[in-house]
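Q: Before I ask anything, let me first share the structure, which is written out below as C-alpha cells.
The values are calculated or read from the model by the stated rules, or taken from the named source; none is laboratory data. Quantities reported herein were computed from a predicted structural model and do not represent experimental measurements. With ideal geometry, Cβ positions are generated from the backbone for all residues, glycine too; neighbour counts draw on all protein chains shown.
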Amino acid sequence: MNITVILCTYNRCRSLLKTLDSVAASTLPDSVRWEVLVVDNNSSDQTPEVVEEFCQQHRGRFRYIFERRQGKSHALNTGIQEARGDVFAFMDDDVTVDPDWLQNLTASLQGDEWAGAGGRILPEGNFSPPRWLALNGPYAMRGALVLFDLGGRPGRLDCAPWGTNMAFRRVMFEKYGGFRTDLGPRPGSEIRNEDTEFGRRLMARGEHLWYAPSAVVYHAVPENRIKKKFFLQWWFDHGRADIREDSKRCDSWHLGIPHAIRGMLSVTLRWLLALSSQRRFYFKTQIWLAAGQIVEAYRQRQSGPTKQTNTRNA
C-alpha cells in the first residue's frame, strides 16, 4: 500500500515544525511506501523556509507545494491532485501524532470494504476545561476545540470523521470529487465543514467508514480558544456552514419566518431556565448557532445559493 499524508498549513511555522517532527517518527511496515505532502496555503511567515529545510533533512519522505489560492479546501484539493499514494491521510499543522498513528489509521483501507477511516483527537498536555465548558455528556462542546473521541472500541462510524485525523482511499475522490471550496476556513472566514461534508457525502452514497481509536492525534488547545467569545463565534459560523452544506434548509421558511427562528425561541427559553453554568452556556451557543443559520439562509435567499465546487481527480 502507498500512503500520502496531506498536511495543509497557513502561517503556523512555529507549531508546524513540531507537527513535522512527530509524523517523521512514524513507524510502518517495510512493505508500505509513504510520503508527507505539505501544502502551503500562501503563508506570509517563515513556513517555506521551515518546510524546505525539513525536506532536505528527510529527502524522499517530505515534499513541499505552494498553493496561492486562499482557503483550506483549495489547499486540500491541490494536495489530492499532487499526491502519489493510493490512500490519503489528513492532518493539520497544530497537532502531534503517535508513532503508530498512520499505520493504525490506514490499516483498514488495504481492501475495498472501507472507504475511509477516522481516529481519536485528544487535547494536548494536561488540559483542564473551565467550569462552564462540558467535554462529555449531553452538553458537550468538544467540536469547537477540535476534539473527537467515540471511545476505545473500533467499529463502523455512524458520523463523519474530522479533518485532522481521517483517511480515505484515492478512488473515493475520483468517484465523488474533492472538498467543497464554498466551505473550509480562509483568511477572514472561519466557516468550516469541508472535512465532515466529504465524509457525509460518502455515507449518503452508501460508503462505509471505519473508526480506529488506536489512531490518536493530539490537538493543541491555545488560550484564545478557551474563551466564551470564541465558542459563540464558532457556533455562529457552524450555523452558517450548516446552511451552505444543506441548501434545503433555506427552503424551511413558514409565513416569512425562518424555521431556525422558531427553534431559537425554544432554545432561548431553555437558556433562561437553565441552572448549571455548563447547561446555560450550551444553550447560549445554540442561540448563536440558530442566528448563524438565519443569517446564511437570508443571505442565500437574497443573493442565491453559494456556488458549490468539488474538484474532480479522475
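Q: Go through (1) more than 23 Å from Trp162 (Cβ to Cβ); (2) not β-branched (Val, Ile, Thr); (3) not in a helix (DSSP H, G or I) and name the single condition Leu28 misses.
A: (1)
Q: Among the candidates Gln300, Gln286, Gln293, which residue alone is outside any loop (DSSP other than H, G, I, E, B), of a type outside the set (A, V, I, L, M) and modelled with pLDDT of 90 or more?
A: Exactly one of Gln300, Gln286, Gln293 is outside any loop (DSSP other than H, G, I, E, B), of a type outside the set (A, V, I, L, M) and modelled with pLDDT of 90 or more, namely Gln286.
Q: Of the residues Asp112, Asp92, which single one is surrounded by 15 or more Cβ atoms within 10 Å (Cβ to Cβ) and among the acidic types (Asp, Glu)?
A: Unique residue meeting the criteria: Asp92.
Q: Restricting to the stretch 46-73, name every residue that is out of contact with any Lys or Arg (no Cβ under 8 Å at 6 or more places or on another chain) and part of a helix (DSSP H, G or I).
A: Those that are out of contact with any Lys or Arg (no Cβ under 8 Å at 6 or more places or on another chain) and part of a helix (DSSP H, G or I): Pro48, Glu49, Val50, Val51, Glu52, Glu53, Phe54, Gln56, Gln57.
Q: What is the residue count in the stretch 169-184 for residues that are closer than 9 Å to Ser73 by Cβ and not aliphatic (A, V, I, L, M)?
A: So the answer is 6.
Q: Of the residues Thr181, Thr164, which single one is modelled with pLDDT of 95 or more, of a type in the set (Ser, Thr, Tyr) and touching an Asp or Glu at 6+ places or on another chain (Cβ under 7 Å)?
A: Thr164
Q: Just the residues that are farther than 16 Å from Ala220 by Cα, crowded, with 17+ Cβ neighbours inside 10 Å and among the hydrophobic types (A, V, I, L, M, F, W, C), please, taken from the stretch 9-27.
A: Matches in the stretch 9-27: none.
Q: Please specify each residue of the stretch 184-229 satisfying the condition of being of a type in the set (Asp, Glu), under 15 Å from the mean Cα position of the chain (by Cα) and at pLDDT 95 or above.
A: Glu194, Asp195, Glu197 - these are the residues of the stretch 184-229 that are of a type in the set (Asp, Glu), under 15 Å from the mean Cα position of the chain (by Cα) and at pLDDT 95 or above.
Q: Something else: Give Tyr176, Tyr139 a once-over and let me know the one that is more than 19 Å from the chain's Cα centre (by Cα) and among the hydroxyl-bearing types (Ser, Thr, Tyr).
A: The match here is Tyr139.
Q: Something else about it: Looking at (1) of a type in the set (D, E, K, R); (2) more than 28 Å from Tyr298 (Cβ to Cβ); (3) buried (at least 19 other Cβ atoms within 10 Å of the Cβ), which one does Asp158 not meet, given that it meets all the others?
A: Exception for Asp158: condition (3).
Q: Quick one: which residue in Leu76, Leu20, Leu16, Leu37 is of a type outside the set (S, T, N, Q), part of a helix (DSSP H, G or I) and within 18 Å of Glu194 (Cβ to Cβ)?
A: Leu76
Q: Just to be sure before I move on: is Tyr176 more than 24 Å from Lys284 (Cα to Cα), buried (at least 17 other Cβ atoms within 10 Å of the Cβ), outside the structural domain of Trp288 (by TED's automatic domain parsing) and touching a strand residue (DSSP E or B) at 6+ places or on another chain (Cβ under 9 Å) in the structure I sent?
A: Considered against the rule, which asks whether it is more than 24 Å from Lys284 (Cα to Cα), buried (at least 17 other Cβ atoms within 10 Å of the Cβ), outside the structural domain of Trp288 (by TED's automatic domain parsing) and touching a strand residue (DSSP E or B) at 6+ places or on another chain (Cβ under 9 Å), Tyr176 comes out as no.
Q: Another question, if that's okay. The conditions are (1) in contact (Cβ under 8 Å) with a residue 40 or more places away in the chain; (2) under 21 Å from Glu82 (Cβ atoms); (3) among the hydrophobic types (A, V, I, L, M, F, W, C), and Phe198 fails exactly one of them. Which is it?
A: (1) is the only condition that Phe198 fails.
Q: With the structure loaded, tell me whether Arg153 is crowded, with 16+ Cβ neighbours inside 10 Å, charged (D, E, K, R) and within 17 Å of Pro213 (Cα to Cα) or whether it fails that test.
A: Here the answer is no, as Arg153 does not meet what is asked.
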